[in-house]
Structures are given as structure tokens and as C-alpha cells.
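The values are calculated or read from the model by the stated rules, or taken from the named source; none is laboratory data. Note that the structure is a prediction, hence the values are computed from the model and not measured. FYI the Cβ positions are ideal-geometry reconstructions off the backbone, even for glycines, and counts take in every protein chain you see. To get the accessible areas, we keep the full protein, side chains included, count just its heavy atoms, and leave off ligands, DNA and RNA. Shrake-Rupley method; radii C 1.70, N 1.55, O 1.52, S 1.80 Å.
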Amino acid sequence: MDVVALLTSAGINIAICVVLLSLYSILRKQPSNVSVYFTRRLVSEPVKRNEPFCFERFVPSASWVMRAWLATDEEILAVGGVDAVVFMRIVVFSIRVFIIAAMICIFLVLPVNYYGQEEMLHKQIHAESLEVFTIGNVKEGSKWLWAHCLALYVISCSACVLLYFEYKSITKMRLAHITGSPPNPSHFTVLVRGIPWSPDHSYSDSVEKFFSTYYPASYVSHQMVYQAGTVDKLMECPAAFVFFRTRYAAVVAAQVLQSSNPMLWVTQLAPEPDDVYWSNLSIPYKQVWLRKLATRLGAIAFMFVFLVPVTFVQGLTQLDQLSHAFPFLKGILKQKFMNRLVTGYLPSVILILFLYTVPPTMMLFSTMEGNVSRSERKRSACIKVLYFTIWNVFFVNVLSGSVIRQLSVFSSVRDIPIQLAKAVPTQATFFTTYVLSSGWASLSCEVIQLFALLCNVFRKFILRIEDDPSNCALTFPHHTEIPRLLLFGLIGFTCSVMAPLILPFLLVYFFLAFLVYRNQILHVYVSKYESGGKFWPIVHNTTIFSLVLTQIIALGVFGIKRSPVASGFTIPLILFTLLFNEYCRQRFSPVFKRSPAQVLIEMDRQDEQWGRVDEIYNQFRSAYCQAPLFSLDLSTAGSTGHHKDKKSSQDPESLNPVGRSSHF
């Protein structure tokens, strides 16, 4: 691909962005679109809709840009919670690290790459191939490869320093979220699964007997989980929410092994009431490990099936192969504009269209594997989408060719750095167009909310149905947006030293993402549940992987270019990055897995001092109110009775969601 083809792709995407952003600035002013562009406000407070006609409503403006830019982290935290702040910290981190990378690579590495062949007679830039801007243009044994090694050190050290301070800050934010939030029933509640069946007792009786015996001082009550049976019956599931007197007692009960059989009386801290994914609670715990294994195998199979469209897309970038496969296209491809459109812009667009099928598929897999909370289901889908995109968008495109070749390049572990070192510089132009189409254009589509807009038009002007704020509310799609940001981070790190021309386009994407995502968090997405920043360890680990992969690729390139000095200095950098990751894993990661006992005990003591114990206990009765099943209110049915009778667990008259009367 030459410079003109890249500029053609950039021009198309800039035009798309300008048109969509201008259209958005007009549509958001229309009273009929309040439910699309101000959903969060519509849910939390009444919004005036019947405004008088004004010509200004039909004039594009950038007022939303300034509001998003001036918003503070405190505002983001207030409306979106810790997860929203963590997401924006990903964008801010990316902006900071790639500003540093752009400064050193554009002004130091790029000139070295361009003048790497001393005997080369350079033509005008617009007529040249973009490969002259990559490290592939530097001759073997060049003394200027120290510039690439220096840039690699600066980028890696800057990223590690920024990662450390971000991890430290987000860890403090998570602890502040735990200690500063009002008493939450989930802090006192343990979800119990794998309750053994007994012919003499109902599941509810078994739960009460077990926890009354082994936790007599801290056990308060419990609430069974139900599933629908026939029209007039409900059935108990072998799962229950068990309530404890203190947070510390709940944590202890959640973390210890309850039985000599690990498949029975399985405990974990309960998710927040709004976070519970009720339909998965009825899954027998003995099936969970099998479901997880099956869904992981399914996700891996889906990744390899996706090799077919990716290989097809890469075939479009090879003009000779395309003309040979489709002879009737030879005449069309001789036209310069069509040539640049097909080989430069079209492949990335087709790949993006195929990738739209990935998040729903991975969310389906995450649902099937048995996650009991919506946030955990979304986090699991996020990891699956991340692995998928890194494999198919990065590795498969870098090692492009036939499927057999893509699999055979990994036949020898020692060959991997060499293969990547040869391939990454040649694919930098594809990644640049991918950033333009999947980055710039997708952000414009995100802000305009095309699907929600069409649904709103259909609902209002065809079905004539009034807006229901609860039906319009959407939660932030972490499972699609975090993998996208991390993929662009991976591309940015690996191409920064190899092909630094991508960095300006990448920075534009992250600055636009900063504005768009802030606007969406403030006005569109509704925070229904909170994971407390558990997405950040995924971000940290992926960034470390990106850094180490970049260093390994650089090591291979320095070996190909016969620069033993640069290769020798790269090895300690890899070891330093791995040691840094291990330190962060030991220092910060445990806080995202377990809550500190010191913090929990202090919070319990404060509740006693302030007299909030009775108020907290009273929340237990209605906190985990299961969705109405056949119009039966489970939150009040028999909420103060003991289960001393041995009625059948199939008898609805014997079902009591709160198994022990609460004498506080």
C-alpha cells in the first residue's frame, strides 16, 4: 500500500466521522430522541420534552464535546460507578503512554527508518510505499538501530511507571468503594450451591440445620432460590442466599471449604441484588465445571472457524492473488481509485462486519457456562472477546496466508520471534487502516446509537408506543469496548518501534474515545450493578502481554538486522517487565479477589457504634427478591416461619423463602 492509498482510507473515515458527529449534534437536540441520547437522565429524573420549535435545534454544534471534556472523575464516579472510572482510566493511560511513544518514535525512529538505506534514491513521499517508514527499510548491521532500542526502553519504562500508578490509584478507589458505600446486603450474604438432597428434609430445612449447627453465632436467616415448575407449583433449587450478622462472618463462610466433598455446600460471596443472574442459579453445581469446559472448547473452535473470513480478508490485500482468483476483476482493479479502495479500505471494513458477530456469541458462551452474576458474565465475555480479537485480528493477520501456514508457523517455539519480526512491519499498513475504520468510524457509530435510534423511530411513529425508561436503559458494554481499547493498545505497542507512522492515527482515536465514552457514560448508559473495578486486572495483564510481545518482536528484528548490542540490551528489558508484573500481582491483585479482614471488621464495628445493625438486618427480607414467578410474591410469603415440618419440597404451601425467623 502506498501513501495515497492510506490517505484515501483516512479521507473516507474522516468524512464518515464528520457526517455522523454532525448528525448526532442535531439528533440529540430533538425532544423525540430523549430516550436515545439522554437515557440515564430519563431514568433518574423527569426531562422536559415538549420544547417550542427552534431553528438552533437543526444546526450542528460541538457543545457536547466541551461538556464531555470538562466533566470530572467525580462526576463519572457519581453517575457510572467505579467501573466507569476504571474504563476511562484505560483511555487516559493509553493517551499518556502513546503521546510519549509518538514523541520519541516520530522524531527519532521514523527518520532513521526513512533514511535506513543510505544508497537509496528517495522519490517524493506520496509516490512511495509505506514500507520505507518501517524498520524493514533499515539495512542490516546499521549502527542506528540503537535508536530503536532506546525508544523501546523509553516506551516500556513509561508504560510500567504509568501502569503502577494506575493500579495503585484504582486499588485505593476499590477499597474506598467498599468502605464508603452504604451498607449493602451483598456484604452480609453468601450464595450457597450444591445443597445435598435429603428424602427427609426440604432444601430449606437442610440449609437451616447446616448453618445453625456450624455457624450458630453468626447465622441469621436464609432465602431459597426457586424455579418455575408447573402452573400451580414452584420448586426449590439446591441454592440459597444465607445471611450473616457481620461482613467478616460472611467472608469467612464464603472462603472456607464447607464439606469434605468440594462439590457440596459450595459457598461464595453473593453478588449485589441487582447483579444476580437468576436463571443460572437453578443450574446444578455439578454441571458448572463441565459447562465451563464445553464453552471454552466452543470458544476456541469458533476462533479457528473465524480463520476463514480473516484469510479471505487478507486475500483482498494481495492484488496479484485477487486478480488471479477472480480474472473478471482485472479491468476494475487497474483503476487507481478502485485499486486503493479494494486493497486499502475494503479489507478492514469486511473484517469489522464479521467481528460484529463475536460479542453476542461470546456472551452466549458466558451465559451457558453458569455465571451467577451479570457482572461476572460480562467480565467472562470480555476475556473471551479479548482473546478472540487478539488472535484473529492481530496474530492471524500478521501471519497471513493459508490456514495451514498460520498453524505451521507455531510448530517451533524458537521460530516465533523471527516469524513475527518478519511479519509485523509488513502488516503495519493494514493495522493503520484498521484503526481508521474500526476506531474512528466505530466511535462515530457508538455516539449516534444507530440501532437504538431506529428502534425509537419504529416504536414512536409506527407502533405509537410511549417511552418506558426501564426498557430504554442500557448498561455499558464493557465486554465489547474494553477488548477494542486493549487491541488498539497491542497494535500501538507492537508497531510503535517497527512502524511509527501508525501512532498519530492511534492518538486521534484515543482522544476521540475520551470524548465519546465520557458523553455516553454521562448521558446514555445506566449503571445497574457494580463490580468494583474488577476489569482493571484484565487491562494490566493484557498491557504487560503487549509490552513483552513487543520486546520479543524487537528482539527478533534486531537478530535479523544483525545488531547484537541491541539484542543484548533487549533481553534484560523483558526480564524487568516480567518482574514488574509479578510485583504488581503480589502487591495489588489480591485486593481484587478478596476483601481485607481489617477493613471489614472496622466497618462492622462502625455499624454497631452507629446503631445501624437493625436497619441492615431489616434489608435482608426484601433484598434478594426473586423475579415474580406466576404472580407469587416470594419476598413476603411466609417470611417469619420455621421449617420444622417435613413437607415435600414440591408443595408450594411448604415453600418459605426465608428459612429462619429473624429475631434480631
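Side notes on the structure shown:
- Listed residues Lys29, Lys292 arranged by accessible area, highest first, probe 1.4 Å: Lys292, Lys29
- Using the Cβ-Cβ distance between Phe451 and Ser44 with R0 set to 22 Å, the FRET efficiency from 1/(1 + (r/R0)^6) comes to roughly 0.45.
- Spacing of the two label points (7 Å from each Cα toward its C-beta) at Leu578 and Tyr164, in nm: 2.0
- For Lys561, no residue 5 or more places off, or on another chain, has a built amide H under 5 Å of its own.
- Subtracting the Cα-Cα distance of Leu474 and Arg67 from 0.36 nm times their residue separation leaves 144.4 nm of extension gain.
- Rounded to the nearest Hz, the phi-derived 3J(HN,Hα) couplings of the range 454-466 under the Karplus curve 6.51 cos²θ - 1.76 cosθ + 1.60 (θ = phi - 60°) are 5, 5, 5, 5, 5, 5, 7, 9, 10, 7, 6, 10, 6, where x marks glycine and proline.
- Modelled this way, with points 7 Å down the Cα-to-C-beta line, the labels at Val599 and Lys528 are 2.6 nm from one another.
- Placed amide H near Met235: partners under 5 Å, 5+ positions off or other chain: Gln227, Gly229
- Rounded, prolate or oblate (a/c below 1.5 giving rounded, otherwise prolate when a/b exceeds b/c) for the range 425-495 by Cα gyration tensor: prolate
- Phi to ³J(HN,Hα) by Karplus 6.51 cos²θ - 1.76 cosθ + 1.60 over the range 17-32, Hz, x for Gly, Pro: 4, 4, 5, 5, 5, 5, 5, 4, 5, 8, 5, 5, 8, 7, x, 6
- Cα-based radius of gyration for the range 147-297, normalised by 2.2 N^0.38 Å, reads 1.45.
- Unit Cα scatterers, Debye sum, the range 265-313: log10 I(q)/I(0) for q = 0.16, 0.23 Å⁻¹: -0.67, -0.92
- Cα centre as origin, Lys/Arg/Asp/Glu Cβ charges: the range 430-580 dipole, Debye: 300
- A cut-off of 5 Å between modelled amide H atoms, ignoring neighbours fewer than 5 places along the same chain, links His222 with Phe243, Gly659, Arg660.
- Anisotropy class of the range 12-107 from Cα gyration tensor, a/c 1.5 cut: oblate
- Remark: the range 530-543, residue by residue, has Karplus-estimated 3J(HN,Hα) of 9, 9, x, x, 5, 6, 5, x, 4, 5, 4, 5, 5, 5 Hz, where x stands for each Gly or Pro and the curve is 6.51 cos²θ - 1.76 cosθ + 1.60 at θ = phi - 60°.
- Rounded if a/c under 1.5, otherwise prolate or oblate - the range 231-287, Cα gyration tensor axes: oblate
- Extended-chain gain in nm, criterion 0.36 nm per residue less alpha-carbon gap, Ile14 and Lys422: 143.8 nm
- Over 25 Å (Cα to Cα) - which of Lys528/Lys593; Lys172/Lys593; Lys209/Lys534; Lys209/Lys378 fall in this group: Lys209/Lys534; Lys209/Lys378
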